[in-house]
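**Q** Can you keep this structure in mind? I'll have questions shortly.
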Amino acid sequence: MLLFLITCSFSFILFYSPLFACEMRLLSLCFWKSIKNTLFSATLSFFTTRMLPSKKIYAVPKVQRTAFDTNSGDQMSVLDYLPDLVLETILEKLPPKGLCRMGCVSKSLRGMCVSDHLWERHVRSKWGRVVGTSAYREWLCSAHSRNQDSIFFDRIGEKGFLGCLIALVRSRFCSVGKDKIFPPVNSVMSWYIALESGKLWFPAQVYNRENGHVGFMLSCYDAVVSYDRRTDTFLARYPAHGTRTSAIESGVTWDRLRAPLVDTSPHDLHISDCLNELRPGDQIEIQWRRNKEFPYGWWYGVVGHLETCDGNANYCRCHHSGELLPCFLSLHKIKISYFFGDHLLINS
Amino acid sequence: MAAETGTPTTLTLKSNDDELFSVAESAAILSVTIRNMVEDGCAGGVIPLDNVDGKTLASVITYMNGISAIPADEEKKKSYRDKFLSDKDFETLADMVLAANYLNMSCLMDAVSAKIAQVMEKKSVGWVRRKFGIENDYTPEEEAAVKEEHKWTFEGVETDDDN
C-alpha cells in the first residue's frame, strides 16, 4: 500500500511537474519525511540527506570588483552591477527634489525615479492631511482628458487631410518620445508635482483665524486652494457669497488647512447618518450659514443636555427625546442648534 | 552550535583581499548571511566574504561591535549610527552599502542608504553621473526638456561645471 502511494506521488510529479513542480516536490518531501520517521529511518535519512541537502540561499551577486570604482578603466556603469535593492533603498531615501533630479541623470534612472511606489510615500507625508481622495480622483480624470486633448490639439494644428495625417503620425511619435522622458500624466509623481508647483487648485477646508478667538478658529470654510512653494503657504479661493464675488486669501498656513471630511457642496446640507446615535458630551461639527446667500461653514461643537435635564448620568434621557437636542458651539454661546429628525436647524 | 558551550565564540572572517578578522559571534550574526552560515554549522573555519574588501570589512566590523554593545535602545542605536557614518566619504559609504547588502544587514543598509541620499540631495546631475559612472543617454534636446520640466528641483543645488 505504501509502495503504491509512493508510486502515485511520483506519477503526480511526472504529470504536473511543469506547473506544480514546487508544491509537488514539497508534498513528496513531506511524504518522504513521514515514511522516514516510521519505517526506514536509518536508510532513508541517509538518502534524503544525500539527495536533498538543506538549501539556504545566500542571494548574493558575484561581483569581482570594488564597488563604485569608476576609475578602473572600463566604461561599465555602476548601475549595471549595483543590485536593484541597493539602488531602490537609496532612491527611497531621497526627498522629492533629489528624486526628480536623479531622473535627469539618465533615461534608465529616470525609469526608476518615476515609479509610483517611490512617490506614494512623499504624497502621503506632505499632502495626505490637506488633500482628500476626491481631489485626487478629480485630478486623475482631468489628467486623462488632458492627455487626450494634447493629442487632439496637435492634430488639428495642421491644415487639410494630409496635414492631419502628418500631425497624427507626429503626435504618435511625440507621445512615445514624451513617455520616455516625462512621467505618465496620471502617475503619482505627476500628482505630486501638480500639487507642489501650485498649478493645481484643489478643494480643502480653511480654518477661520478671526482674532484668535477659539470659537471661530475651530470653524472652517470650504475653499479651493493652491500651494505657493516660495512661501510654503497656500492661496485660498472662497466661493462667492452675499454681494461679494469670490475672495482670494493669500498666506494660508499649513495648520489652517485640512482635507474636506465629506464631499457635500458648501451650498448643500450634509445628510448625516449618525444623528440618532448622538449623546451629550459628543464632539461634533455642524453646518451653519448666515443666510441663503452664504455657503455653509463647519462649526465645532459639543452636544449638551436638554434644559429640563440636570446632566446627572443616571437620570439623563436626553438622547431618547429624539427630536430636540441642544448643541453648544464651543465658546460661542449665542448659537444653539436643534436636531429635528435628520435635519439640522440653527437658532441664532 | 558553539554558543551552547557558554563561552563567547569568535568567528574569523576573510575579506576578498585575504585579510583576516576576528569578531565575536554575537556581533557577527547581525549579518543574516553570517547567521545562516552559523546556524547551518558552516562557520567553523574561516568565513570567506568574496564581495567585501578589507578596508570596508574593518568598518563593518567596527559597526557590528559598536551597535551590538548597545542594549535595546533605538534612540541610542540611532545616534551611534549617525556618529559612525558622520565622517565617512562617499566612496566608503558606497562600498559599505554594497557590503551591507551582501551581508544582509538591513539596519546598516538603511542607515548608509539614508546617508548616501543625504549626500546626493544637494549634488548636481553631473556629480551623480561622475560618481556612479553613468553615461548620459539623453539627447541635448531631451535633457534640456527634462531640466526645464523640473527647474524647481535645481534650486539650492551645489554649483558644478555641468549642472
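The numbers here are math on the coordinates, done by the rules we state, and not lab data. Please read all numbers here as calculations on a predicted model, not as lab measurements. Please note: Cβ atoms are built from the backbone with ideal geometry, for glycine as well, and neighbour counts cover all protein chains shown.
**Q** Can you list the residues, at least 5 places off or on another chain, whose amide H is less than 5 Å from the amide H of B:ILE47, using H built in the peptide plane?
**A** Amide H neighbours of B:ILE47: B:THR12, B:LEU13, B:LYS14.
**Q** Based on other C-beta atoms within 10 Å, arrange A:TRP127, A:TRP254 from fewest to most.
**A** So the ranking, lowest neighbour count to highest, is A:TRP254, A:TRP127.
**Q** Whose amide H sits under 5 Å from the amide H of A:ASP228, counting only residues 5 or more places off or on another chain, with H placed in the peptide plane?
**A** Here A:THR233, A:PHE234, A:LEU235 satisfy the definition.
**Q** Follow-up. Under a Cβ-Cβ cut-off of 12 Å, what is the net charge of the residues other than A:ARG121 that fall near it, where Lys and Arg count +1 and Asp and Glu count -1?
**A** 0
**Q** Taking amide H positions as placed 1.01 Å from N in the peptide plane, with prolines and chain starts having none, which residues 5 or more places from A:ARG289, or on another chain, fall under 5 Å of its amide H?
**A** A:GLY297
**Q** Shifting gears a bit: How do A:TRP201, B:TRP127 rank when sorted from fewest to most other Cβ atoms within 10 Å of their own Cβ?
**A** A:TRP201, B:TRP127
**Q** Another question, then. Just in segment A:252-299: which GluC sites (Glu not before Pro) are loop by DSSP and have at most 16 other Cβ atoms within 10 Å?
**A** Those that pass, being in a loop and sparsely packed, are A:GLU293.
**Q** What does the charge count around A:VAL262 come to, taking other residues whose C-beta lies under 14 Å from its C-beta (Lys +1, Arg +1, Asp -1, Glu -1)?
**A** Result for the neighbourhood of A:VAL262: -4.
**Q** Please give the net charge around A:MET112, taking every other residue with its beta carbon less than 9 angstrom from that of A:MET112, where Lys and Arg add +1 and Asp and Glu add -1.
**A** Local net charge: -1.
**Q** List A:HIS241, A:HIS267 from most exposed to least, where exposure is judged by having the fewest other Cβ atoms within 10 Å.
**A** So the ranking, lowest neighbour count to highest, is A:HIS267, A:HIS241.
**Q** OK, next. Which whole number gives the average, over all residues in A:102-113, of C-beta atoms from other chains lying within 10 Å of the residue C-beta?
**A** Rounded to a whole number, the mean comes out at 6.
**Q** Helix B:90-102 versus the longest principal axis of chain B: what angle, 0 to 90°, nearest 10, using Cα atoms?
**A** Here the helix axis deviates by roughly 50 degrees.
**Q** Among B:VAL32, B:VAL60, B:VAL52, whose mean-square fluctuation peaks in a Gaussian network model of chain B (Cα, cutoff 10 Å)?
**A** B:VAL32
**Q** Give me the inter-chain shielding for B:89-97: mean count of other chain Cβ atoms within 10 Å, whole number please.
**A** Going residue by residue through B:89-97 and averaging, the value is 4.
**Q** Per residue of B:138-149, how many C-beta atoms from partner chains lie within 10 Å of its own C-beta, taken as a mean?
**A** Per-residue shielding by partner chains comes out at 4.
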